[in-house]
1. Tell me the accessible surface of Ile12 in square angstrom (1.4 angstrom probe, heavy atoms of protein chains only), to the nearest ten.
2. Order the following by accessible area, largest value first: Glu48, Glu27. Probe radius 1.4 Å; ligands, DNA and RNA are ignored.
3. Within region 146-168, name every residue whose backbone N is under 13 Å away from a label modeled 7 Å from Cα of Phe16 along the Cβ vector.
4. Residues of region 1-24 with backbone nitrogen within less than 13 Å of a virtual label 7 Å along the Cα-to-Cβ line of Ser167, please, listed as ranges.
5. Got a sec? What order do Val46, Val34 fall in by accessible area at 1.4 Å, biggest, i.e. largest, first?
6. With every protein chain present, what accessible area does Ser156 have (1.4 Å probe, heavy atoms only), rounded to the nearest 10 Å²?
7. Near the amide H of Arg99, under 5 Å away, which other amide H atoms are found, from residues 5 or more places off or on another chain, if H is placed in the peptide plane?
Amino acid sequence: METTTATVGGLILALFGGALLFWCAAEVRLRHRVRRRGVPTVATVVAESDPHGGLDSAPLLSYSASVQAGHAGPAAVRAGTAAAATAAPGRIGELVLTRPRGRTPLRRPAGLSPGASVRIAYDPRRPGLAVLAAEEGPRAVVADLLWAALGLVCLSAGGLLLVAASSA
């Protein structure tokens, strides 16, 4: 392999592997933070009108979120708010439609079929940010480890190509 090709290939692999490891760490940290500090609730899996949406491994979830009155508005609308109703003084209850973070399997599990109830946790500051409860996604750890292993392999292969190119 030519030195230029090895250098470019090594840089691309190293950058891809590093970005993948960074993304994995950020996603795991985000899901852990939302599960620990978020608001637990029960969401319903919504049947999708788009036929291709049903193929997504992350189901479309609907749940009622309570948000401070100051936090409702454009951010809540961008998060997928479908309707709003007053729940208590100074609080707004809104119906949120979103997909949970951290779903990576190729096929949607049978337990996440339309109409099923699942336990989730959501960030009260950003109601559109939701994660499945730890017991709802037992294979999340395996998927996280596989993505991290792919990032590590790409990073090490890129490093080896850069070392080989610099020594040649």
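1. That residue has around 110 Å² of solvent-accessible surface.
2. Glu48, Glu27
3. Within reach of a label on Phe16: 150-159.
4. Correct set: none at all.
5. Heavy-atom accessible area, descending, gives Val46, Val34.
6. Here the accessible area works out near 60 Å².
7. Here the answer is Leu61, since their amide H atoms fall under 5 Å of that of Arg99.
The values are calculated or read from the model by the stated rules, or taken from the named source; none is laboratory data. Note that the structure is predicted; figures quoted are calculated from it, not measured. Glycine gets a Cβ as well: all are built from the backbone with ideal geometry, and neighbour counts include every protein chain shown. Heads up: the accessible areas ignore ligands, DNA and RNA and are worked out on the full protein's heavy atoms, side chains in. Shrake-Rupley method; radii C 1.70, N 1.55, O 1.52, S 1.80 Å.
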